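Remarks on the structure that follows.
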């Protein structure tokens, strides 16, 4: 359970954190918080100081119903931040959240990005798989039914677990055929799923180990929590941490989170529990 980031093997036998940096004005929780140079700089320092191994940067909002933006707009938001990090934190592991192959290529070749995180698993850009194979960096493939604009319009499955595992099996086969080794799967909580689908996926998360790929989980403050509890995203940190601990117990290797310091605490106690 290792991935190769910039020539360094990252051990995923113990869970790690991807700290979220959203450069979007309309993300569901922190939209608009990081749109100035100073606010972005402060967030980068916070993510690193609080102990996240990865900074996951997104410049395209993928919340349900989000407005579709052009590649130029995504690039304009993203590249200045990648330039700043590459100059000031050259050893930092960066993941770029994009479904566009051209942005993936620029991020890796010009700014030394370590990981590409694709919410569409190659379905939104027919060139993504071949580009990822040529870049040969770790690739996160997420399951999503539909796209951010329509994914929550009555999502349906005959068997949500079997269908998502089949989806991953097909994608992993294609990528392995192209020679890509480091593949991480993300079941896509909240992406084309009802609340019931989401909790079933979490309850049976260990079944995804059959793919033989590390599992990334993104549960942080999502609607499956705050809608269930009839709270706002601001008020569901305790429930988020509870579900993240469940994800760790069921085999998650990477937690993608807003709250790094608090998540670090649950990982530390999880590691201790499994070492005695």
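The numbers here are math on the coordinates, done by the rules we state, and not lab data. Given the structure is predicted, the values throughout are model-derived calculations rather than measurements. In this analysis, Cβ positions are derived from the backbone assuming ideal geometry, glycine residues included, and neighbour counts consider all displayed protein chains.
Observations on the model:
- Cα extents of region 50-194 along the three principal axes, largest first (Å): 49, 34, 33
- Protection proxy ranking of 239-250, 91-102 - average other beta-carbon atoms within 10 Å, highest first: 91-102, 239-250
- For residue 275 and residue 154, the difference between the fully extended length at 0.36 nm per residue and the C-alpha to C-alpha distance is 39.2 nm.
- Given their separation in residues at 0.36 nm each and the Cα-Cα distance between them, residue 268 and residue 169 gain 32.5 nm when the chain is fully extended.
- Two-site FRET efficiency, residue 162 against residue 13, from Cβ-Cβ distance with R₀ of 22 Å, rounded to 0.05: 0.20
- The fraction of all Cα pairs in region 89-157 landing in successive 5 Å bins from 0 to the largest distance is 3, 17, 28, 20, 12, 9, 6, 3, 1, given as whole percents.
- Dividing the helix sum by the residues of the chain, where each DSSP H run of 4 or more adds -39500 (n - 2.57), gives a mean residue ellipticity at 222 nm of -12500 deg cm²/dmol.
- Once the Kirkwood radius over Cα pairs is known for the chain, the Stokes-Einstein relation at 10 °C and 1.306 mPa s delivers a diffusion coefficient of 85 µm²/s.
- Ellipsoid equivalent to region 160-276 - semi-axes via the Cα gyration tensor, in Å: 25, 19, 12
- When DSSP beta bridges are restricted to pairs lying wholly in the chain, around 15% turn out antiparallel.
- Based on Cα atoms of region 70-111, Rg over Rh with Rh as the Kirkwood radius reads 0.94.
- For the peptides 211-224, 170-183, 188-201, residues were scored by their other Cβ atoms within 10 Å and the scores averaged per peptide; the highest-first order is 211-224, 188-201, 170-183.
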